[in-house]
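Structure, as structure tokens:
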Ligand code: GLN
């Protein structure tokens, strides 16, 4: 059956699941999104992308950006320096939890996919000023997505920057423990900005497709990311990418993925394809309910689990 027909069929079956979720509202600007919109793009390596549903809906990367800040920081600093500051283990706690920051390994965030870890990682992107660090990350994301016009949604950025008391407290705690150096507000600015980069499913499907192709852009033939760092990113996606629902997702869907509180999910089927999904209504653990359902039925239909 043609990809487009399969996507349409499974998307229609998954739509109703949005009713079980709720749009994130702790960043006020995110609360304006239509809860039951649902869209998907599948980008097979060396093929044209195929989309269904509300795939033209734009949304902000939010935590999906953590995969790319990690990769860029790894390319800038190397593994040793990165993992000296941030760990490699899942937490089993919420993405913005601070519990383990104090109790275990004081100050060292468990992994780069939770907020504390991602804020530390943002500070390790090379660049003299926050503007320079952010510009380098934006350029990297534009290249991965194949679109030079991608930009920050300034309403979402300002909304998050104005309400981020929890992320601020995490960041100051990191500074107290010498994980963050220099200006905390500068590092938060870079973090909030990369969370606020606006994309569509097509963009994230292409980014995922390049990860599925071990870091090589099949259009240009260019190696954008060393294979080792793609491997590291995929490991974090499987173990921590869906926050404290990562184990369940690995069982039900079985592919490396990263979600964000805007309702986006980027999923990588190694050697085959990248998938981008948007569905703003979230489960309690912060993942798109209809989006996860759609990926689950697609994984079953096409036998995508890597396990
Ligand atoms: N910008 C969001 C935050 O820091 C990202 C969180 C997420 O997508 N889980 O709270």
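A few remarks follow.
- Paramagnetic label zone (point 7 Å from Cα along Cα-to-C-beta, residue 128; backbone N under 18 Å) in the range 180-209: 182-183, 186-187
- Helix 184-195 and the long axis of the chain differ in direction by around 0°, with both axes built from C-alpha atoms.
- Gain upon complete extension [residue 303, residue 105; 0.36 nm per residue less C-alpha separation]: 67.3 nm
- Under a Gaussian network description of the chain, with springs only between Cα atoms under 10 Å, the residue in 103, 72, 224 that fluctuates furthest is 103.
- Helix 154-163 vs. the chain, principal-axis angle (Cα, 0 to 90°, nearest 10): 50 degrees
- Remark: C-alpha extents of the range 63-195 on the principal axes read 43, 33, 28 Å, sorted largest to smallest.
- The C-alpha atoms of the range 1-144 occupy a region whose extents along the principal axes are 49, 36, 29 Å, arranged from largest to smallest.
- Mean Cβ count within 10 Å, highest first, over the residues of peptides 24-37, 179-192: 179-192, 24-37
- Over the chain, the Kirkwood radius and the radius of gyration, each from Cα atoms, give a ratio Rg/Rh of 0.94.
- Length-normalised contact order for the range 63-195 - Cα pairs under 8 Å, 6+ apart - percent: 30 percent
- Cα centroid separation, the range 143-209 to the range 28-59 (Å): 20 Å
- The Rg/Rh ratio of the range 207-307, with both radii computed over alpha carbons and Rh defined as the Kirkwood radius, is 0.97.
- In units of the rule-of-thumb radius 2.2 N^0.38 Å, the range 141-268 shows an alpha carbon radius of gyration of 1.17.
- Considering only 128, 234, 85, the mean-square fluctuation computed in a Gaussian network model of the chain, springs between alpha carbons under 10 angstrom, is largest for 128.
- Helix-only arithmetic for the chain: the sum of -39500 (n - 2.57) across DSSP H runs with n ≥ 4, divided by the residue total, places the mean residue ellipticity at 222 nm at -14000 deg cm²/dmol.
- Tilt relative to the chain, helix 201-212 - C-alpha long axis, 0 to 90 degrees, to 10: 80 degrees
Just so you know, all these numbers are worked out from the coordinates, no wet-lab data involved. Note that the structure is a prediction, hence the values are computed from the model and not measured. No Cβ is skipped: glycine too gets one built from the backbone with ideal geometry, and neighbour counts run over all protein chains shown.
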